[in-house]
Amino acid sequence: MKFFLSVLAVVFCFTACKNKPAGNKSEDAGSSAFFYDYRVWGDEEEGMVTVRLQYRLGGENGKALRLAQPGFVMLDGDTLKADSAGFTGVFYETSKPLDGFAGSHGIVFTDSSNKQHKEEFSLEPFTLENELPEQIKKAPFLIKLSGFPSTASRVQLIMVDTSFSSADVNEELWVENGEIKIDSSFLANLANGPITMEIVKEDEKTLKNSSREDGRLLLTYRLRRQFEFVD
């Protein structure tokens, strides 16, 4: 009986340890061991920008850790609080109104040795120069973006209809002068009726010299419109 109870105690201890929430405990691995995972995404429709910062041990897919005291991280001078989710792990996040967020911003991570690690990024929101009508004749047309970079930049163009038989559009394009041509090759993949269109610009920057693991800064901005194709 004593042997049986001892086995139960060992099993209970093992299970309890295994089920501890991941990432809630701070670990002082040293800033040089972290992979800096910085993500910024904005959505014109929602009118918000979210900044999420994570510090991973073991590379870009490693465990996201809570910073050991007295370490902390700031965005534009405001200290971010730690939060966590089961799958995501520990993160430092804030959301800001899109209006007024365009331009340069600074991230300052102060590690447990009081050494500062600084990164800057710039968000460039864009919109349509001329709004699309509710109904559009299904023929080639031009979309002109306002606030888009003057240099050639890559975007993802997504256009989805409500038909199960059509192929839809999901294409990576290089855009110059803010112009996107919706030509016959795109239209051939879409049926008449309601269309949801998204234009997504994503830029990834490798963070060098932040740590021996390096890091990444991923900037994403999304514009969404709905309209109807008609003959």
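Residue-wise test of (1) at pLDDT 95 or above; (2) among the hydrophobic types (A, V, I, L, M, F, W, C).
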| site | (1), (2) |
| --- | --- |
| R154 | yes, no |
| V160 | yes, yes |
| D183 | yes, no |
| I195 | yes, yes |
| E198 | yes, no |
| K208 | no, no |
| L218 | yes, yes |
| Q226 | yes, no |
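Taking the listed residues S165, S185, S153, the one that is without any contact (Cβ under 8 Å) to a residue 24 or more places away in the chain and either out of contact with any strand residue (DSSP E or B) (no Cβ under 6 Å at 6 or more places or on another chain) or within 22 Å of W41 (Cα to Cα) (or both) is S185, with no other qualifying. Residue-level analysis places E46 outside the set of residues that are among the acidic types (D, E) and in contact (Cβ under 8 Å) with a residue 60 or more places away in the chain. Find the residue count for the range 120-153, including only residues that are out of contact with any Lys or Arg (no Cβ under 9 Å at 6 or more places or on another chain) and over 19 Å from R225 (Cα atoms). The total comes to 6.
Every residue, every condition in (1) aliphatic (A, V, I, L, M); (2) free of Cβ contacts under 8 Å to residues at least 60 places away in the same chain; (3) on the phi > 0 side of the Ramachandran plot, yes or no:
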residue: S84; (1), (2), (3): no, no, no
residue: F87; (1), (2), (3): no, yes, no
residue: F121; (1), (2), (3): no, no, no
residue: F126; (1), (2), (3): no, no, no
residue: P133; (1), (2), (3): no, no, no
residue: I143; (1), (2), (3): yes, yes, no
residue: I158; (1), (2), (3): yes, yes, no
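Of the candidates L218, L190, L173, the single residue that is outside the structural domain of K118 (by TED's automatic domain parsing) and either buried (at least 16 other Cβ atoms within 10 Å of the Cβ) or among the charged types (D, E, K, R) (or both) is L190.
For every residue, the table says whether it meets (1) modelled with pLDDT under 55; (2) closer than 17 Å to R216 by Cβ.
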residue	(1), (2)
G23	yes, no
W41	no, yes
G47	no, no
G59	no, yes
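Restricting attention to the range 65-82, the residues that are modelled with pLDDT of 95 or more, under 19 Å from the mean Cα position of the chain (by Cα) and surrounded by 13 or more Cβ atoms within 10 Å (Cβ to Cβ) add up to 6. Within 26 Å of the chain's Cα centre (by Cα) and surrounded by fewer than 17 Cβ atoms within 10 Å (Cβ to Cβ): does that describe T196? When the stated conditions are applied, T196 passes them. Inside the range 87-98, residues that are surrounded by 12 or more Cβ atoms within 10 Å (Cβ to Cβ) and part of a loop (DSSP other than H, G, I, E, B) make up a count of 2.
From the list K138, K144, K208, K181, the one residue that fits, being in contact with a helix residue (DSSP H, G or I) (Cβ under 9 Å, 6 or more places away or on another chain) and not hydrophobic (A, V, I, L, M, F, W, C), is K138. Tally the residues that are touching a Phe, Trp or Tyr at 6+ places or on another chain (Cβ under 6 Å) and of a type outside the set (S, T, Y), restricting the search to the range 63-81. The qualifying residues number 3. In this entry, E60 passes the filter for residues that are acidic (D, E) and loosely packed, with under 14 Cβ neighbours inside 10 Å.
The values are calculated or read from the model by the stated rules, or taken from the named source; none is laboratory data. On a predicted model such as this, the values are computed, not experimentally measured, just so you know. Quick reminder, even Gly has a Cβ in these numbers, built from the backbone with ideal geometry, and neighbours come from all protein chains shown.
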